[in-house]
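The values are calculated or read from the model by the stated rules, or taken from the named source; none is laboratory data. Computed from a prediction, not measured in an experiment: that's the story for all the values here. Heads up, the Cβs are rebuilt from the backbone with ideal geometry, glycines too, and the neighbour counts pull from every protein chain shown.
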Amino acid sequence: MRRLFLISLLVGLLTNVQAQNEPPETVLKKIPDYRFNVSYAWRPSQPIQHLEIGLNKDLLNLKQDQIRLGLGVRAGIQDNNGVPFTTAHADLKKSDGNIDTLSLDRVQSFAFNFYANAEYYLMEKLSVGMNLDLLGFTAGQEFDGTFLPGSASRQAGHTSDNTVTAFPTSSNAYSSQNSKGSLNAQLFVRFEPFRRVGLRGGFSYLFQEFSTENGYGANEAYRFENNGLGFFIGVTFNRIEEK
């Protein structure tokens, strides 16, 4: 009986020592340190293409990480072929008669923006989300175009002018009433079949704006925009740093 007790005590001590020497179990991180995104957008109704790369990070997580809010930066190149640009000034757009048109052949612009991102996780690998550019800048070369007057400008005696030079509006800023420059907003579904790779797809609303040195038409408009809804697909690479 005493021998059995000693054997049991020895086995218990050895088991305890082994458990203490085993490395602690690694808990896999659920939330990436940041995400690197690549996406391609297009608009079926018009010859518009948009390619962008971006980086975003979740900063606020709610409801046991189901809701994730964050910020990001992204850079995009947009290519348009024969797309019309119309008067962009908010006060003028209230009346259809004040809308003039700037006709440009194939044009490109490069935009860099800071954006806000929000996602809701339906399950571990599937989420829905949206993002919106807030502030940034746009660069690009000058392009020749033709000014086409609207009804108010025609009544004031203005005619078409094919000697207009336009360039991408340099500053980008989102506003509910008077957004300016080149911006992007996305509504998407994200599926992550692997921890470090995800797929995205959904709708993309692209803002693009060109400016002129001088004002044209009855209202001397000098900002012209082309905005519209399209689609996009993309790939996400998750950066996860684990010790």
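Of everything in the stretch 176-194 that is loosely packed, with under 13 Cβ neighbours inside 10 Å and within 30 Å of HIS89 (Cα to Cα), the residue that is nearest to the chain's Cα centre (by Cα) is SER176.
Of all the residues in the stretch 176-194, those that are over 28 Å from SER127 (Cβ atoms) and either without any contact (Cβ under 8 Å) to a residue 24 or more places away in the chain or part of a strand (DSSP E or B) (or both) number 1.
The residues of the stretch 69-103 that are in a strand (DSSP E or B) and hydrophobic (A, V, I, L, M, F, W, C), listed by number, are LEU69, LEU71, VAL73, ALA75, ILE77, PHE85, LEU102.
Looking at the stretch 195-243, which of its residues are in a strand (DSSP E or B), surrounded by fewer than 19 Cβ atoms within 10 Å (Cβ to Cβ) and of a type in the set (A, V, I, L, M, F, W, C)? Across the stretch 195-243, the qualifying residues are VAL197, LEU199, PHE203, LEU229, PHE231, ILE233, VAL235, PHE237. Taking the criterion of being more than 18 Å from the chain's Cα centre (by Cα) and either modelled with pLDDT under 95 or among the acidic types (Asp, Glu) (or both), the residues of the stretch 122-140 that qualify are MET123, GLU124, LYS125.
Quick check on ASP65: is it free of Cβ contacts under 8 Å to residues at least 60 places away in the same chain and closer than 22 Å to GLN177 by Cβ? Answer is no for this residue. Among the criteria (1) more than 30 Å from THR146 (Cβ to Cβ); (2) at pLDDT 95 or above; (3) buried (at least 16 other Cβ atoms within 10 Å of the Cβ), the one PRO32 does not fulfil is (2). A search for C-beta distances below 7 Å between a residue of the stretch 125-152 that is more than 23 Å from GLY181 (Cβ to Cβ) and in contact (Cβ under 8 Å) with a residue 12 or more places away in the chain and any residue that is among the small types (Gly, Ala, Ser) and surrounded by 19 or more Cβ atoms within 10 Å (Cβ to Cβ), counting only pairs 6+ apart in sequence or on different chains, returns PRO149/GLY217; ALA152/ALA218.
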